[in-house]
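In what follows, a single structure is set out as structure tokens and then discussed.
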Amino acid sequence: MCGIVGYVGNSNCVPKLVKGLKTLEYRGYDSAGIAILKNEEIWVAKDKGRIHNLEDMIDYKDFVGTIGIAHTRWATHGIPSKNNAHPHMDQNKHFAVVHNGIIENYLELKEQLIMHGFSFQSETDTEVIPMLMEYYYQKDNDVFEAFKNTLNELKGSYAILIITPLLPNTILVAKKNSPLVVGKGNDGIYIASDIPAILEYTKDFFFLEDEEKAIINNDVTFYNEHFQEITKNAKYIDWEMDAIDKKGFEDYMLKEIHEQPEALGNTLNGIVGLDKAVRFVNFSLDKEYLEQLNHIYIVACGTAMHAGLVGKYSIEMLCRIPVDVEVASEFRYRNPIINANTLCIFISQSGETADTIAALKLARKRHAKTIAISNVFESSITREADHTIYTHAGPEIAVASTKAYISQVGLIVAFAVYMAEVLDKELELCHDIQKELLALPNYMEQIIENNEQYYELAKKIKNEHDLFYIGRGNDYYVAMEGSLKLKEISYIHSEAYPAGELKHGPIALVENGTFVFGIITDSNISEKTLSNLEEVKSRGANIILITNQNIKKEHVINIPNVHPILSPILSIIPLQFIAYFIAKEKGLDVDKPRNLAKSVTVE
Ligand code: M6R
């Protein structure tokens, strides 16, 4: 949530900051702003709405500086408005601040500052930061002391950048539970919430750990939580700029749907091969450890949680170890039963999801082994977990997750096969699944090529208000993901149900013309789901069937036949396209749906 960018160097910062914000717009897009230093003063441009509004208001001839900070907001405290947009300043205009995170004790701090004569312009939690800086600066006349004292007062999460005319060539940086990276470019030093915003200028990144700080001017000096100077090494990130380009597609989501075969192939590359057992680089679990496991938790949010459900299906089928999949925001507060014989797997595309990270910390505290599955190198979750396995989907920019989901599913299935092979279980089946995993990218290409039919369907559905998605086993988990895709980008309400559950209540909502998606990819239970589809059909529903079986119905979308463990990787693709085309038909902003942000760094 919220994206921040900063630059100090010898070029004009404004175009760089605007460009960086545009790359980070997926993190929040209800208001945006920039502060620069010019003529020993802070100059601010900010407004409600998207970054192009900000661009339109900037006078590029006049608004020029070599040091600046910028922000794109996802509102937490206070409505989207110009006043609540960042950067925020103190009343004496000594400090300008951009912040990502939540200052939990801001009301208390605000009250105290008001008692000391400070007056606030916004409803945000962030505004206490420049005010505190000014409060402490007035006491000691020392910016660094003010910075230390301010940070000591803050509870909650933050990635903060501060500029001040009192130190005209310096950006003060602090991080706690919100991501921040620093990169040294040829013409200056860059800071951002996320790598893509500054990838154009460097591939060597310093990742700040929680409670670390940095003072950035001609060079960068890092400090630990006690404000002692520390040495940090840069890490080389081998991403190409074209990975964050739309490559001629109308939207990132469409591009990312098309990139799915490649994303899966890259994720499995080196892990799954025909001639050997599944193997992970730098990571192994021994048989003795796996045999004493009594429970596995897979914890995640949203789409990543749906990928976790496919993981449950695969691990239970292949390894016969009980698995629970939990929404991170529930898991962390319900005192789950975890001990040294529990394995906890955390899935997060961004690796920055606040609830997932908190759940991971809880599992570690209770001595469980923790494994992170993330798409972002060196993201927070990877630094907290005992082990990390990366999906290699490449940067996912659209808010609605597609290629990351496919990669997570592929990886967790490969992990299930890996564990079964170590445990000497279901070896023949494991071998078949390995073979099919390698064939999947080709099958995916076929489904993607046939996308015209999804467009035709989308035109028929676009004016609906309520839909159902039903299936059994893995098909139900895909129904959940398909329903989420539709909701988040087309704003059409839909429900996913286990096919057998409809008649226990929700079937009362089915009326003449209600669209019901049925997913059938497991021949063992296809008859059962078919009967459930007949039940809704006889009540007037329009059925659309996605299947790899030879079933005749009015509207069938056929997909290649693979083992039910792997079918989600294929059956989700038509549903992604249908959600996409419906949103396009409705004229909606597919990549940046209302109220959402890509990276949910607040709980
Ligand atoms: O970065 P994460 O995988 O932790 O994100 C989890 C969810 O916020 C994310 O999957 C969300 O549900 C997507 N918008 C779904 O498309």
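For the chain, the longest principal axis of the Cα atoms and the long axis of helix 452-461 meet at an angle of about 80 degrees. Packing order of peptides 153-161, 289-297, highest average first: 153-161, 289-297 (average count of other Cβ atoms within 10 Å over each peptide's residues). Applying 1/(1 + (r/R0)^6) with R0 = 30 Å to the Cβ-Cβ distance of residue 504 and residue 19 gives a FRET efficiency near 0.05.
Under the simplified labelling scheme, the residue 316-residue 275 pair shows an inter-label distance of 3.8 nm, with each label point 7 Å from Cα along Cα→Cβ.
Please report the relative contact order for the range 450-603, taking Cα pairs under 8 Å with a sequence separation of at least 6, and give it as a percent rounded to a whole number. Each step should come with its number before you reach the end.
Working: 258 pairs, mean separation 44.8, N = 154.
So the answer I get is 29 percent.
Just the number please: accessible area per residue for the range 246-447, 1.4 Å probe, all protein chains included, in Å². Walk me through the numbers before you get to the answer.
Working: 7290 Å² over 202 residues.
On a per-residue basis, the range 246-447 sits at 36 Å².
Please report the carbon-and-sulfur percent of the accessible area for the range 450-531; probe 1.4 Å, protein heavy atoms only, DNA, RNA and ligands left out.
Numbers: 1590 of 3470 Å².
C and S atoms contribute 46 percent here.
Accessible area of residue 317 (1.4 Å probe, protein heavy atoms only, ligands and nucleic acids ignored): about 60 Å². Within straight-line reach of residue 553, meaning a Cα separation under 19 Å, sit the following lysines at least 8 residues removed in sequence or on another chain: 460, 528, 537. A simple packing score, the average count of other Cβ atoms within 10 Å per residue, orders the peptides 10-21, 300-311 as 300-311, 10-21, with the highest score first. Overall, the anisotropy analysis places the chain in the prolate class: the square-rooted eigenvalues a ≥ b ≥ c of its C-alpha gyration tensor yield a/c not less than 1.5, with a/b exceeding b/c.
Be a star and scan the range 549-566 for residues whose amide nitrogen sits under 16 Å from the point 7 Å along the Cα-to-Cβ vector of residue 537. Zone members listed by number: 549-558. Applying 1/(1 + (r/R0)^6) with r as the Cβ-Cβ distance of residue 139 and residue 209 and R0 = 22 angstrom yields a FRET efficiency of 0.15.
The simple spin-label model puts a point 7 Å past each Cα toward its Cβ; for residue 588 and residue 330 those points are separated by 2.4 nm. The listed residues 190, 476, 60 rank as 60, 476, 190 when sorted by accessible area, largest first, using a 1.4 Å probe.
Using a probe of 1.4 Å, the accessible surface attributed to residue 433 totals some 0 Å² when neighbouring protein chains are kept in position.
With both labels modelled 7 Å from their Cα along Cα-to-Cβ, the residue 12 to residue 386 distance reads 5.5 nm. In the chain, the calculated helix contribution to ellipticity at 222 nm averages -11000 deg cm²/dmol per residue, counting -39,500 (n - 2.57) for every DSSP H run with n ≥ 4. The apolar share of the surface of the range 3-242, taken as the fraction of accessible area on carbon and sulfur atoms (1.4 Å probe, ligands and nucleic acids excluded), comes to 44 percent. For the pair residue 512 and residue 218, a Förster radius of 56 Å applied to the C-beta separation gives a FRET efficiency near 0.20, rounded to the nearest 0.05. Residue ranking by accessible heavy-atom surface, 1.4 Å probe, largest first, among 364, 383 comes out as 364, 383. For the pair residue 366 and residue 429 in one chain, pulling the backbone fully straight at 0.36 nm per residue adds 19.2 nm over the alpha carbon distance.
Run the numbers for residue 107 and residue 52: contour at 0.36 nm per residue of separation, minus the present Cα-Cα distance, in nm.
Values: separation 55, 0.36 × 55 = 19.80 nm, distance 3.24 nm.
Using 0.36 nm per residue and subtracting the Cα-Cα distance, I get 16.6 nm.
In the context of the full protein assembly, residue 236 retains an accessible surface of approximately 140 Å², using a probe radius of 1.4 Å and ignoring ligands and nucleic acids. Placing a label point 7 Å from the Cα of residue 294 along the Cα-to-Cβ direction, the residues of the range 349-374 whose backbone N falls under 19 Å from that point are 363-370. Extension gain for residue 452 to residue 76 (0.36 nm times residue separation, less C-alpha to C-alpha distance): 131.4 nm. For a straight C-alpha distance cut-off of 14 angstrom, the aspartates and glutamates reachable from residue 93 (same-chain residues fewer than eight places away being disregarded) are 40, 41, 127, 134.
I'd like to check one number: the per residue accessible area of the range 3-242, probe 1.4 Å, reported in Å² as a whole number.
That works out to 40 Å² for each residue.
For residue 38, the residues whose modelled amide H falls within less than 5 Å of its own, excluding neighbours fewer than 5 places apart on the same chain, are 43. Solvent-accessible area per residue in the range 547-603 equals 35 Å², computed with a 1.4 angstrom probe and all protein chains kept. Give, as a single signed number, the net charge of other residues whose beta carbon lies under 14 Å from the beta carbon of residue 507, with Lys and Arg counted +1 and Asp and Glu -1. That works out to -3.
Exceeding 28 Å between C-alpha atoms, which entries from my cross-link table qualify? They are 16/247; 246/276; 46/232; 139/184; 148/361; 176/369. The pairs that break the limit, which is 28 Å between Cα atoms, are 246/276; 46/232; 139/184. For the range 1-152, the relative contact order works out to 23 percent when only alpha carbon pairs closer than 8 Å and six or more residues apart are counted.
The values are calculated or read from the model by the stated rules, or taken from the named source; none is laboratory data. This is a predicted model, so every value here is computed, not measured. Every residue, glycine among them, receives a Cβ derived from its backbone with ideal geometry; neighbour counts consider all protein chains shown. Protein only, heavy atoms only, side chains kept; ligands, DNA and RNA dropped before computing areas. Shrake-Rupley method; radii C 1.70, N 1.55, O 1.52, S 1.80 Å.
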